[in-house]
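Below: the structure, in C-alpha cells.
Read the figures in this text as sums done on the coordinates, not as results from a lab. No experiment lies behind these values; they were computed from the predicted model shown. Glycine also receives a Cβ, built like all others from the backbone with ideal geometry; neighbour counts cover every protein chain displayed.
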C-alpha cells in the first residue's frame, strides 16, 4: 500500500507524456531551446519538434542524461537517439524492451 502514491505519480507522468505527444503547438523559442539542449519541450506532437529533441539528445550529453531521459521508451525515435548518445558517451544503454 505504500507504493500507491508512486504508482499514481507514474501514471500521471505517463498520461502527461502521452498528452505532450498529442500537443501540436509550435513556439519557435522552445524549438530553438531544445535544439540547443537547454530545456525539454512540452509540445511534442509535431515531427519538427521531435526532430529538434533528437538533435538536442545527440549533441548535448547533459540534456540526454538529464531532462530528455524521461523520453526513453516513449517513441522508438527517442529511444534510438538516447541509446546512440549513451554509446557515444561510452555508456552501456539499457536495452530492456520493458
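Summarising the label geometry, the points placed 7 Å from Cα in the beta-carbon direction at residue 36 and residue 18 lie 3.5 nm from one another.
Model label sites at residue 61 and residue 89, defined 7 Å from Cα along the beta-carbon direction, differ in position by 0.7 nm.
Highest first, please rank the peptides 23-34, 69-80 by the mean number of other Cβ atoms sitting within 10 Å of their residues.
Working: 23-34: 13.7, 69-80: 15.4.
By packing density, highest mean first, the sequence is 69-80, 23-34.
Entry note: region 4-88 has Rg to Rh equal to 0.98, where both radii use alpha-carbon atoms and Rh is the Kirkwood radius.
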